[in-house]
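K.L.:
Structure incoming, see below.
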Amino acid sequence: MKNLAGLMKQAQQMQTKMQEMQARLETIEVEGSAGAGMVGITLNGKGELRRISIDPKLADPAEMEMLQDLIVAAHADAKRKLEQTTAEEMQRVTGGMNLPAGLKLPF
């Protein structure tokens, strides 16, 4: 029973750390860019779009398709950076513990 109690205590500590990590992720912002910085996207730690910046030179109606493509590319860049940041935070919280593939925490 001693091992079970220790396991439960570890699970509670992990849950507390996960909640702290989620709170930290809510406060961070990551930026992605495309077109040599002509289009920028800012996401919060939950992946929600917060800001878009567009170089005024791209406002030419003839360039709208390119502008749209750059916005999509900048969002993909920001999303990739967010996933990397989240993975680093998760690694810190789990202490390098190898969790099964596809396991999402918190439960």
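K.L.:
Considering only region 21-72, state which residues are in a helix (DSSP H, G or I), of a type in the set (A, V, I, L, M, F, W, C), closer than 30 Å to T94 by Cα and in contact with a helix residue (DSSP H, G or I) (Cβ under 9 Å, 6 or more places away or on another chain).
P.N.:
Initial filter on region 21-72 (in a helix (DSSP H, G or I)): 21-27, 56-59, 61-72.
Filter once more, so that each one left must be of a type in the set (A, V, I, L, M, F, W, C): 21, 23, 25, 58-59, 62, 64, 66-67, 70-72.
With the extra rule that they be closer than 30 Å to T94 by Cα, the set shrinks to 21, 23, 25.
Listed by number, the residues that qualify are M21, L25.
K.L.:
Given the condition hydroxyl-bearing (S, T, Y), more than 14 Å from the chain's Cα centre (by Cα) and modelled with pLDDT under 90, answer yes or no: does some residue in region 81-93 qualify?
P.N.:
First, pick out the residues of region 81-93 that are hydroxyl-bearing (S, T, Y): 85-86.
Narrowing the set further to residues that are more than 14 Å from the chain's Cα centre (by Cα) leaves none.
Taking every residue of region 81-93 in turn, none turns out to be hydroxyl-bearing (S, T, Y), more than 14 Å from the chain's Cα centre (by Cα) and modelled with pLDDT under 90.
The values are calculated or read from the model by the stated rules, or taken from the named source; none is laboratory data. On a predicted model such as this, the values are computed, not experimentally measured, just so you know. Note that each Cβ is placed from the backbone with ideal geometry, even for glycine, and that neighbours are counted across all protein chains shown.
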